[in-house]
Every structure is written in structure tokens, then in C-alpha cells.
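The values are calculated or read from the model by the stated rules, or taken from the named source; none is laboratory data. For clarity, every value in this text was computed on a predicted model and none was experimentally measured. Virtual Cβ from ideal backbone geometry, glycine too; neighbours counted across all protein chains shown. Remember, those area values only see protein heavy atoms, side chains included, never the ligands or the DNA or RNA. Shrake-Rupley method; radii C 1.70, N 1.55, O 1.52, S 1.80 Å.
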There are 2 protein chains.
Amino acid sequence: MTDNHKIQALCAGRPVAIVGAGLVGAGWAIVFARAGLNVTMFDANPEITRQAVPLIEGQLAGLQRHGLIDEDPATVLARITPVATLAEAVEGVAYVQESVLERVEVKRQLMVDLDALASPDMVVGSSTSGIPGSAFALGLSISPRVLIAHPVNPPYLVPVVELVPSPETAPGTVSFADALMRAVGQTVVHVRKEVEGFVLNRLQAVLLREAWALAQEGVASCEDIDKTIRDGLGWRWSFMGPFETIDLNAPGGVADYAVRLGPLYQRIADSRGHETPWDPALIRDVEAQRREHLPQSDLEARRAWRDEHLMAFAANRRARDPQA
Amino acid sequence: MTDNHKIQALCAGRPVAIVGAGLVGAGWAIVFARAGLNVTMFDANPEITRQAVPLIEGQLAGLQRHGLIDEDPATVLARITPVATLAEAVEGVAYVQESVLERVEVKRQLMVDLDALASPDMVVGSSTSGIPGSAFALGLSISPRVLIAHPVNPPYLVPVVELVPSPETAPGTVSFADALMRAVGQTVVHVRKEVEGFVLNRLQAVLLREAWALAQEGVASCEDIDKTIRDGLGWRWSFMGPFETIDLNAPGGVADYAVRLGPLYQRIADSRGHETPWDPALIRDVEAQRREHLPQSDLEARRAWRDEHLMAFAANRRARDPQA
């Protein structure tokens, strides 16, 4: 899954830094430490850094149980060093993964601070899911070495990462991040334009939007809409993307499919106006349907169920498809 | 997975009929025969009925290899009887699953023929993925006993089935089909209105449409768009629907999520106009990208890979979640 020699060569034996040690940052720490890199971990709130350590321990134990790490959890954990200041965190590192609060002024201040501290070749990846680099990473000496590296949660299980350069990001920054991410076991998606939601959240958004609109119109219950994905469409999508799916679904491949089914999809598109379905009444209705299905008090237990399922899924994918 | 006593009671010991024995019809024959029902199989083209038998044999062998049938393939196959006429096919059956050509006049003629042949309580489910019952199943004595039962291919692996009544379908027909489908191991989605594409294809359509539009705008390559699903979003969607996914993704559940992320999704929706992306130039471009990735001559082998993956996935899901 990962190649330690390659990783060490890429980073010239230097550590990487995690800045922002919440759920996302802690997840990234596991990705890098599991791959053999030394990791410094910093959060402006020391309490969050403290909480991250047992969180990581618990996740590593789960990974071991599912055969998803080859080393002892303690060995992996020992590579992660919580530190008290940003300066200590980034001292001599090859790469910084920032996962601080999703607010543009917080991200901007961090870039200014990193600009003052960075070594001349340090690269910075931002975990933001929605703020383009143009909004917080321009006009600094470090700007050519900053890009978005947007993960899915948790990144040590779900491998995809979207790399999105700003107009000032240097091509070499993109190729370094691409090589590093692949080397630590992630799957890289190159987003070539700073569109709202990048690629992954745009795809999620259109599906969610249609799901909410169908619930609003009473076409099906939320639970039944969920079934069409989890007992239907989601099966193929767990190992094939939408283009490959339709490429295999017509005798002559994707162009054949587009000619055969394009008109149906156009009619479906035409039948949906530009609604704004997420209104308060609908939100209350969907909430009520979900709570009937899963009481509020069971949410936490169901999240643990989800995480177990994801680990089992990852183990199964890895067994069938070692490069995944 | 299935309960033979319940199934036999539901059908009062009578067989079911498959009308239209192409890929979809043959798939349905496996669903019913695997559940212990006797099945008659008819196609207006006798050559297609003949081809269906070895096709079913091959699929049953695959199901056995993956531990997805409990009986010997020959035992299951022996329950399926190809017949030469529609009258023989529907004689004394409790249920007819029609999977004839996806053309409204062909479906209408079949309904007229079934109307003349049907016993007074025979129920008819149509596999159509796009034609509402209103377009071909109204105004006959049999109309109250006809509904859409739209599967995903192949139905013996992917369990979801959409039940869509026409305005003339009797409530008892829906409850019979619901009970029968669950009893043979399918997951039932009740579609309450005859909307274009029902639920499943509407959800697929919006995602495909956005994928094509992103390819058209050069935001990402087709292969990278595929990765965001198969190495990202598709992992959760293989065991949770979109509502459950977001219900678990905010501390307070789905309403909390809607308030937090509704505005982002609204911005994403607003940023997409009403394009018609499936134009010939784009189709050529996507086709070229796919063929670079997978040559035309490898399509068939890749379909076999997909089917193996789906079987392995089904076996894994069944092991983790026996009622699925």
C-alpha cells in the first residue's frame, strides 16, 4: 500500500506537520505516521491536541483489528509528537497539512504565520472542503507552495484526496503533493479549476439535492430513498465511478450509452426546476423521519457502527484490490 | 435471506412467470427460482428463451462459487421451465414479471394479451425503468393488478426494487408485490408518484449529469471524477443512503447538518446552470478518455470483472448484514 523508501526520499527524511488537530487533523496524522513518516501535531487550542492522542490510539486499535496496519499501534503512535507552538510544528518539515477552522480569516492568518516560519521548500496542503486557495493563500512568498488537499473523513480509511491549485500555486507543488499523497496510500484527484465544492462535494450536492426534493414532493420516504442507494446504486459505486459504470452498461461503451440514454436523462433534468428544497418545514419533516428510524440517543452508537463498517469495507477492498 | 414457507403461502403454491427472457428476465428467473418458486419462462423470440438457459446456468455457478446460493445450481435451474407460448407461461401463476422490450406499444400489447389470459387474482409487475404504468396499463380488467417492479441489474445480486403503482393499481396489488419481493430477498422502495425516472434513476441522473458537465468544463478528467466516487463517496453509499450519511455527519443529526451545510449546497446548485452537456463533441471526448483507459476490446472482460466484484461484494454484505 505504501512504499517507505519512496516516502522518505520525497520528504528527504524530514517530518510532516499537522496544524489543527481536530477530527480531520488527527485523521491525517494517522495517514502519515502509518506510512512511516514522523509527524508533529499542533493546535492553537492545547486541549484539542491533548484529546487527539487517545482518539488516534483508538483508531489505530481499530485499524489493527481489521488488518489495516502492518505495525504495532504503539509504533505508529510513537511517530506522532504533539507540540506546543506552530514554530515547533513546522521546524524542518517537508509538508504541512492544515486542518484549522473552516473560516477564511483563520486560514489567512495561518498562511501569514506560515509565511514567516516556512523553510524555502516547505509545501502546505489545506484540508478545506469549500474555501478556494484564492480566498486565503495569495500574495505571499509561500503562495506558490500552497494548494488545497481536501480529504474525505476519515482519510486513513477513505483514500480519495482532491488537489486544487490556486492561480499562484507552482506546478512543482502540485507534483510534490501528488507524489506524497500517492506514496502514503491516498488516491489523487486533480481539480483543475477552483469551482464551488470542488468535484467530490459537487457530486454529493446534486445527489443530496435531488434526494431532498423527492422527499419534499412525497415521491418516497427518506428511508426508501436511502435504500435506492445503499441496496442499489451504491454497490457499483463502491468500486467503479459513474463513467466506468455507464461505459460497461451499453454494448458499445460510454458513447453508445450516451446516445441511448441521454434523452431520458435530459427529460429527468428538464422535469426538475430550480427548487430550494432545504426549507425549515422540510428539514423538520426529514428530521422526524430519521428520528423515527434512529432515535437521537442512538446517533453516537450508529456512528461507531458506520466506522466499523468502513473499516471492514476497507479491509475487503484491500484484499481484493491491493493497490486501492 | 428468504423464507420458503412464507413464499409458498403468498403464492398459494403456484408458480410465477417470466415474460421476456433477455438479461433482465433471466435475472428475475434466478431471483424467484433461488427462493424456491417454480418459474415458467417465455419470450416471443424462442431463440432468446434458448439463450437464457445457459446464461442462467453460468450465473448460478458464480453464485455458488461466492456462497450466494445454498442449494446445488442444478436444483435451482430445474425449477425454471422454458415454455413456447404466453398462455402456457401464465397458466395458473400467482405473479408475472414482464421484462419485454422497453417500448410503450409492446408493453401495451402484452397487457391486452395478459388481460385475456389472466386468472382473476394474478398480479403483474413490469421491469420498465422509464415507462410509467399510466402509459400502458390503464383501462383493462387487469389494470388494478398491474404495477411497476423496477429492478437494478442483475436483480439476484443487487436487491433494490422500486414498486410504482399506476392510478388504477389496487392497494392490495402493492401489498402483495411488497410481500413477495421481500420474501424472495429483494429490498422494496415504494415510489408514490409516477415521476420520470422513478427514484433510483433520478438520483443516478443528477450525479451523471454533474459528472458530464464537470468533464465538459475541464474541471477534472473522467478518470479523476470516477475516483471521487469509487475511492470516496461510494464507500459510505455502499451501506448507507444519503440521508443516513448526513444524519451521522453532524453532531445533532440531519436537521443540524441541513442548517450547517444547506447554504453551501445551495451555492453549488446556484453555480450550475441548465446545461445540456451530452453533446456530440463531449461524447467523443469522454469516449476517447475511456478508450485510453480501457480499450474497446477489453470491455467484455471488464464486465466480467465487474460481475465478479459485485458477487464478492454481495457475499461480504451478506456475511456482515444477514438481512441485506
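Compared with the dominant principal axis of the Cα atoms in chain B, helix B:200-216 is inclined by about 30°. For chain B, the longest principal axis of the C-alpha atoms and the axis of helix B:171-183 are separated by about 80°.
Taking chain A as a Gaussian network of alpha-carbon nodes connected by springs under 10 Å, the highest mean-square fluctuation of the residues A:Ala250, A:Ala205, A:Ala74 belongs to A:Ala250. Summary for B:Ala87: label point 7 Å along Cα→Cβ; distances to the equivalent points in the other copies, ascending, 9.7 nm. Summarised in one figure, the compactness ratio Rg/Rh of segment A:1-89, Cα atoms and Kirkwood Rh, is 0.96. Can you give me the distance in nm between label points at A:Ala61 and B:Arg303, each placed 7 Å from the Cα along the Cα-to-Cβ direction? Distance between label points: 4.9 nm. The value of relative contact order for segment B:145-204, using C-alpha pairs under 8 Å at least six residues apart, is 34 percent. Ligands, DNA and RNA left out, the accessible area of the protein assembly as shown computed with a 1.4 Å probe is 55% carbon and sulfur.
Under a 5 Å amide H cut-off, with hydrogens placed 1.01 Å from N, B:Thr187 pairs with B:Val160, B:Val161 among residues at least 5 apart or on other chains.
Here the label points at B:Asp256 and B:Glu292, each 7 Å from Cα along the C-beta direction, are separated by 4.5 nm in the simple model. Remark: mean inter-chain Cβ contacts per residue of B:155-161 equal 4, using a 10 Å Cβ-Cβ cutoff to other protein chain atoms. Summed over the residues of chain B and divided among them, the accessible surface reaches 37 Å² per residue at a probe radius of 1.4 Å. Diffusion coefficient of chain B by Stokes-Einstein, Kirkwood radius over Cα pairs, 25 °C, 0.890 mPa s: 113 µm²/s. Here's the picture: a label point sits 7 Å out from the Cα of B:Asp113 along the beta-carbon direction, and within segment B:42-81 the residues with their amide nitrogen under 11 Å of it are B:42-46.
Per-residue ellipticity at 222 nm, computed for the protein assembly as shown from helices alone with -39500 (n - 2.57) per DSSP H run of at least four residues, works out to -15500 deg cm²/dmol.
Normalised by the number of residues in chain B, the average gap of Cα pairs under 8 Å and 6 or more apart makes the relative contact order 16 percent.
For chain A, set up a GNM with springs between Cα atoms under 10 Å and report which of A:Trp305, A:Trp235, A:Trp278 has the largest fluctuation. Taking springs between Cα atoms under 10 Å, the residue moving most is A:Trp235. Using only alpha-carbon positions in segment B:185-246, the gyration tensor eigenvalues give semi-axes of 25, 17, 9 Å once each is multiplied by 5 and square-rooted (largest first). Could you give the angle, 0 to 90 degrees to the nearest 10, between helix A:46-65's Cα long axis and the longest principal axis of the Cα atoms of chain A? For A:46-65 against chain A, the angle is about 70 degrees.
Per the accessible-area calculation with a 1.4 Å probe, the total area buried between chain B and chain A rounds to 10800 Å². Computed over the protein assembly as shown, the P(r) tail beyond 48 angstrom holds 18 percent of alpha carbon pairs. Taking every DSSP beta bridge that has both ends in segment B:4-190, the antiparallel portion is near 20%. Counting only other chain Cβ atoms within 10 Å of each residue's Cβ, the peptide A:306-319 averages 4. Relative contact order of segment B:200-293, please, whole-number percent, based on alpha carbon pairs below 8 angstrom and at least 6 residues apart. That works out to 33 percent.
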